Amino acid sequence: MQLFYTDQIFDQHAVFAHEEMKHLTHSLRKKEGDTIFFTDGKGFQYSGLLDAVSRHEAKVNIVSRLFFTQNEPAFQLLIAPTKQHERIELIVEKATEMGIQRITPVAVKHAERTSIRQDRLEKVAISAMKQSLQYHLPVIDQLTDFESIIKTPFDGLSLIGFCEGDDRQTLSQSLIKGSSARCFIGPEGDFTEKELSKALSAGFIKITLGQSRLRTETAAIFVCSAFKLIQEF
């Protein structure tokens, strides 16, 4: 099954515009009367018949809809922006494929980037959602400051990866099956001692990802995979 995406959904029809419309009608040569499967990224799978195609949009008449409950518990990835934007795009792509519910880029002192292209990250997430046949689009937050994050209440485990120290827990010691979690992955230069101290005071648990020192994007994908593994197996 090939899955498409639109947020323009009405009672009996949906509208595809811009790149998605071109992909439907130009690249895949879909024509009027063809069956289309699509999602709104909010848990619904729709099927419909391609009804009318113009230069700017394609209309699909909705035939059926099914709702898929989002996986629980939830996981939020807190991530320092990487120097190359392509690397944070990779993080978003792989986290979306694994069904991670929220991705929050966070500004920290040693981060090599002070801005992100949120619109681009959302497009990457949409593409990954369709490719992996999922129906829930993760929340992609704007770049958020460190202080705001640690002061935000969270109903679950709060973890922070740090490269040094004998008092760090492993992921297998920290993550609990059935419990929501959020995990803070820092930049290549790691968190400052001041940032770490503030996070620990706010209830974060210091963790290690093993003996190897991982790149930010590798560490992010690692913790997402570990969370999914513990929850599903």
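The values are calculated or read from the model by the stated rules, or taken from the named source; none is laboratory data. Just so it is clear, the structure is predicted and the values come from calculations on it, not from any experiment. FYI the Cβ positions are ideal-geometry reconstructions off the backbone, even for glycines, and counts take in every protein chain you see.
Numerical summary
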read-out	value
Candidate set: region 160-179, residues that are in a helix (DSSP H, G or I) and hydroxyl-bearing (Ser, Thr, Tyr); chosen: the one surrounded by the fewest Cβ atoms within 10 Å (Cβ to Cβ)	Ser172
Leading residue by the ranking (farthest from Gln231 (Cα to Cα)) among those in region 173-199 that are without any contact (Cβ under 8 Å) to a residue 60 or more places away in the chain and of a type outside the set (D, E, K, R)	Ser197
Pairs with Cβ under 8 Å, 6+ apart, first in region 127-141 and at positive phi and assigned by TED's automatic domain parsing to the domain that holds Ile91, second surrounded by 16 or more Cβ atoms within 10 Å (Cβ to Cβ) and assigned to a strand (DSSP E or B)	Leu133/Leu3
Pick from region 6-19, criterion in contact with a strand residue (DSSP E or B) (Cβ under 6 Å, 6 or more places away or on another chain) and outside any loop (DSSP other than H, G, I, E, B), ranking: surrounded by the fewest Cβ atoms within 10 Å (Cβ to Cβ)	Ala17
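For (1) surrounded by 13 or more Cβ atoms within 10 Å (Cβ to Cβ); (2) modelled with pLDDT of 95 or more; (3) over 26 Å from Ile230 (Cα atoms), each residue gets a yes or a no:
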site: Ser64; (1), (2), (3): no, yes, yes
site: Gln84; (1), (2), (3): no, no, yes
site: Glu93; (1), (2), (3): yes, yes, no
site: Glu112; (1), (2), (3): yes, no, yes
site: Glu122; (1), (2), (3): yes, yes, yes
